[in-house]
1. Residue by residue through region 124-155, note down the ones that are over 27 Å from ILE27 (Cα atoms) and not charged (D, E, K, R).
2. Among the residues of region 16-25 satisfying the criterion of being assigned to a helix (DSSP H, G or I) and near the ligand (Cβ under 10 Å from one of its atoms), which is nearest to VAL105 (Cα to Cα)?
3. Checking GLY49 against (1) in contact with a Lys or Arg (Cβ under 7 Å, 6 or more places away or on another chain); (2) part of a helix (DSSP H, G or I), only one condition comes out false. Which one?
4. Could you check region 50-90 and list, in sequence order, the residues that are within 17 Å of VAL149 (Cβ to Cβ), of a type outside the set (Gly, Ala, Ser) and within 16 Å of the ligand (Cβ to nearest atom)?
5. Quick one: which of ALA63, ALA39 is on the phi > 0 side of the Ramachandran plot and either touching a residue at least 12 places away in the same chain (Cβ under 8 Å) or part of a loop (DSSP other than H, G, I, E, B) (or both)?
6. Considering every residue within region 26-46, establish whether at least one is open to solvent by 60 Å² or more (accessible area, probe 1.4 Å), over 28 Å from ASN127 (Cβ atoms), modelled with pLDDT of 95 or more and within 15 Å of the ligand (Cβ to nearest atom).
Amino acid sequence: RMSRLTTVKTLAGFDFAFQPSLDRNRILALAELKFIDRAEVVHLLGPPGTGKSHLATALAVEAVKAGKSVAFATLADIVTTLAKAEREGSLRERLRFLARASLLVVDEIGYLPVVPGGGNLFFQLVNARYEKGAMILTSNRGFAEWGEVFGDPVVATALLDRLLHHAVVIQIEGSSYRLRQHAALVPEN
Ligand code: ADP
């Protein structure tokens with residue numbers, strides 16, 4: 001998405017009033033970055049357009065400002081990168097590199113089905129970071145759907161086992177910010 005390259009998403013630029021189900025104080029507490037020191041996993045869950053990527057980026061910006069090393073990618077990008085590294089015989093180095101950042105943001109879990117073998121590769125990364133480095137994950141799908149997302153219920157269970165231990169789950173239940181201008185076009189019931 002072009003907008004991501006041209007606009008920096010910040011906490012100051014997030015309109016909490018638009019998303020009343022979201023506890024502003026929980027987000028501001030996360031911005032203190034203790035979750036990074038504790039190597040916790042933050043899950044931002046909710047329908048498309050509810051600001052998950054915006055908040056993940058804004059927290060990543062706070063982490064960079066505090067001098068933390070941060071990596072940011074979509075799940076699809078991570079799987080593609082790891083699959084390429086595996087083909088080229090450099091998977092270990094790639095995993096080590098991605099395990100090194102203090103914070104890894106994995107955006108857009110659940111939009112695209114994960115390619116065969118991708119869940120396994122992602123699991124290796126999660127395992128490499130487990131209890132060592134913090135993560136922020138964004139997803140439009142509930143945990144019960146991860147078997148479907150990863151095309152493999154066994155891998156999904158193993159992933160969730162690690163990703164829900166030392167975890168903070170933030171569920172946003174709201175409407176899409178992208179569609180807000182169209183609200184007037186939607187008939188009220
Ligand atoms: P999601 O990741 O949940 O699909 P995004 O974070 O990509 O949603 O949000 C879609 C667009 O709307 C982005 O341009 C984002 O900056 C903007 N946006 C979403 N929610 C808010 C909000 N509450 N205040 C300001 N901008 C928002």
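1. Step one: of region 124-155, the residues over 27 Å from ILE27 (Cα atoms) are 124, 147-148, 150-155.
Selection gives GLN124, GLY147, PHE150, GLY151, PRO153, VAL154, VAL155.
2. Keep residues of region 16-25 that are assigned to a helix (DSSP H, G or I), which gives 16-18, 24-25.
Checking the rest, the ones that are also near the ligand (Cβ under 10 Å from one of its atoms) come to 16-18.
On the way: PHE16: 21, ALA17: 25, PHE18: 24 Å.
That would be PHE16.
3. With respect to (1) in contact with a Lys or Arg (Cβ under 7 Å, 6 or more places away or on another chain); (2) part of a helix (DSSP H, G or I), GLY49 is out only on (2).
4. LYS52, THR74, LEU75, ASP77
5. On the way: ALA63 fails: on the phi > 0 side of the Ramachandran plot.
Exactly one residue qualifies, and that residue is ALA39.
6. As a first pass, look at region 26-46 and keep what is open to solvent by 60 Å² or more (accessible area, probe 1.4 Å): 26, 28, 32, 34, 37-38.
Then keep just the ones that are over 28 Å from ASN127 (Cβ atoms); that gives 28.
Still in the list and also modelled with pLDDT of 95 or more: 28.
Subsequent filtering for residues that are within 15 Å of the ligand (Cβ to nearest atom) retains 28.
Within region 26-46, one or more residues are open to solvent by 60 Å² or more (accessible area, probe 1.4 Å), over 28 Å from ASN127 (Cβ atoms), modelled with pLDDT of 95 or more and within 15 Å of the ligand (Cβ to nearest atom).
Table: residues versus (1) farther than 13 Å from ILE36 by Cβ; (2) touching a strand residue (DSSP E or B) at 6+ places or on another chain (Cβ under 6 Å); (3) buried (at least 23 other Cβ atoms within 10 Å of the Cβ).
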| site | (1), (2), (3) |
| --- | --- |
| ALA101 | no, yes, no |
| GLU108 | yes, yes, no |
| TYR111 | yes, no, no |
| VAL114 | yes, no, yes |
| LYS132 | no, no, no |
| ASN140 | yes, no, no |
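The values are calculated or read from the model by the stated rules, or taken from the named source; none is laboratory data. Here the structure is a predicted model, which means the values were calculated and not measured. Reconstructed Cβ throughout: ideal geometry from the backbone, glycine too, with neighbour counts over all protein chains shown. For accessibility, only protein heavy atoms count, side chains too; no ligands or nucleic acids. Shrake-Rupley method; radii C 1.70, N 1.55, O 1.52, S 1.80 Å.
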